[in-house]
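Structure, as structure tokens:
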């Protein structure tokens, strides 16, 4: 192993005997700095060193034709300083190589969601449509908060609803939280945590009047979906979520006790929904399919409806309620209860709200009910 001061002339003229695999020219000035010469004529600068555990390592600095000797010498000197101070530049390089791309993390995020969440399809859509196309090719340590904030702002500027932008932000943040839990390299911190949650009012609610509800149910009765009218009736009578009703099973419905048990809800907790006589009447009128456990199945498949969007859009259009969302039926159910004198606490219990904040959106309805009560009292006193 010849040792000499590597200079431009030596490196240029260095050749390797064809009978040997390689020729190493060691520099006398920087310990471990070597030029490897191969019989093919290829030449490469390396730094060879022992790590803190005494293992021999070799770190490629660059090819002879790619960098100059001066550049290679400066790099070797810097790397050698790291080694002397207890570092391991090759290990650091391997760690960087081990940092996965966001596409890899997204794949694992989705697999995790499928195992733990009932509504994983929405996560799959957010990952596929928004997150992976923009961030999939980047390694996790290359994703910066300022870039995320700018991208989300652009999404909003393009007309995406604020609530949709927030769902993207939350899903992106969840990806990095999982990466931290799993100890993925390159995730020292969650970059999404530094991106502020945009302020917006997502509590837009439409409350049906009795007349509007009647028009909607009449239109639903003309639907090609024979179950649509019963579905909408029960949504208005129970305040249940659409997914809860479409997946309801007869074994959870007790008509005698007038109670419907929902074993799994959005909040992760089960709840009992009291059934009014009107709701019991609707349930009693339903056709029961032999061997089918579901209350309102698709008559053709005998399984829960995958979607009722087409029938719903047709019915609301025929009823002249084009801007009505199906979730507004839940709000309308709350409205009818409160206008009937039911207090907010009871309404929250029936709807299965996790905290009082969700129920407080109906506080103005309660105030209107109370106002009617005091006006009626005043009229009675003055009458």
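The set of residues in region 1-21 being under 24 Å from residue 74 (Cβ atoms) and assigned to a loop (DSSP other than H, G, I, E, B) consists of 1, 2, 5, 6, 7, 14. Within region 176-194, the set of residues being at positive phi and surrounded by 12 or more Cβ atoms within 10 Å (Cβ to Cβ) comprises 186 only.
Examine region 112-131 for a residue that is at pLDDT below 95, in contact with a strand residue (DSSP E or B) (Cβ under 8 Å, 6 or more places away or on another chain), farther than 14 Å from residue 192 by Cβ and surrounded by 15 or more Cβ atoms within 10 Å (Cβ to Cβ), and state whether such a residue exists. Within region 112-131, none of the residues are at pLDDT below 95, in contact with a strand residue (DSSP E or B) (Cβ under 8 Å, 6 or more places away or on another chain), farther than 14 Å from residue 192 by Cβ and surrounded by 15 or more Cβ atoms within 10 Å (Cβ to Cβ).
Scanning region 26-66 for residues being closer than 20 Å to residue 12 by Cβ, in a loop (DSSP other than H, G, I, E, B) and in contact with a strand residue (DSSP E or B) (Cβ under 6 Å, 6 or more places away or on another chain) gives a total of 2. So which residues in region 282-298 are loosely packed, with under 13 Cβ neighbours inside 10 Å and under 16 Å from residue 231 (Cβ atoms)? Across region 282-298, the qualifying residues are 284, 285, 287, 288, 289.
Of all residues in region 153-175, those satisfying the criterion of being surrounded by 15 or more Cβ atoms within 10 Å (Cβ to Cβ) and closer than 18 Å to residue 122 by Cβ are 155, 160, 165, 166, 167, 168, 169, 171, 172, 173, 174, 175. Taking region 88-142 as the region of interest, the helices (runs of 4 or more DSSP H) fully inside it that hold 1 or more residues being in contact with a helix residue (DSSP H, G or I) (Cβ under 9 Å, 6 or more places away or on another chain) and more than 20 Å from residue 165 (Cα to Cα) are 89-98, 102-116. Is it true that residue 91 is more than 31 Å from the chain's Cα centre (by Cα), outside the structural domain of residue 185 (by TED's automatic domain parsing) and surrounded by 15 or more Cβ atoms within 10 Å (Cβ to Cβ)? It is false that residue 91 is more than 31 Å from the chain's Cα centre (by Cα), outside the structural domain of residue 185 (by TED's automatic domain parsing) and surrounded by 15 or more Cβ atoms within 10 Å (Cβ to Cβ).
The values are calculated or read from the model by the stated rules, or taken from the named source; none is laboratory data. From a predicted model like this one, the values you see are computed outputs, not experimental measurements. For neighbour counting, all protein chains shown are included, and Cβ atoms are generated from backbone atoms with ideal geometry for every residue, glycine included.
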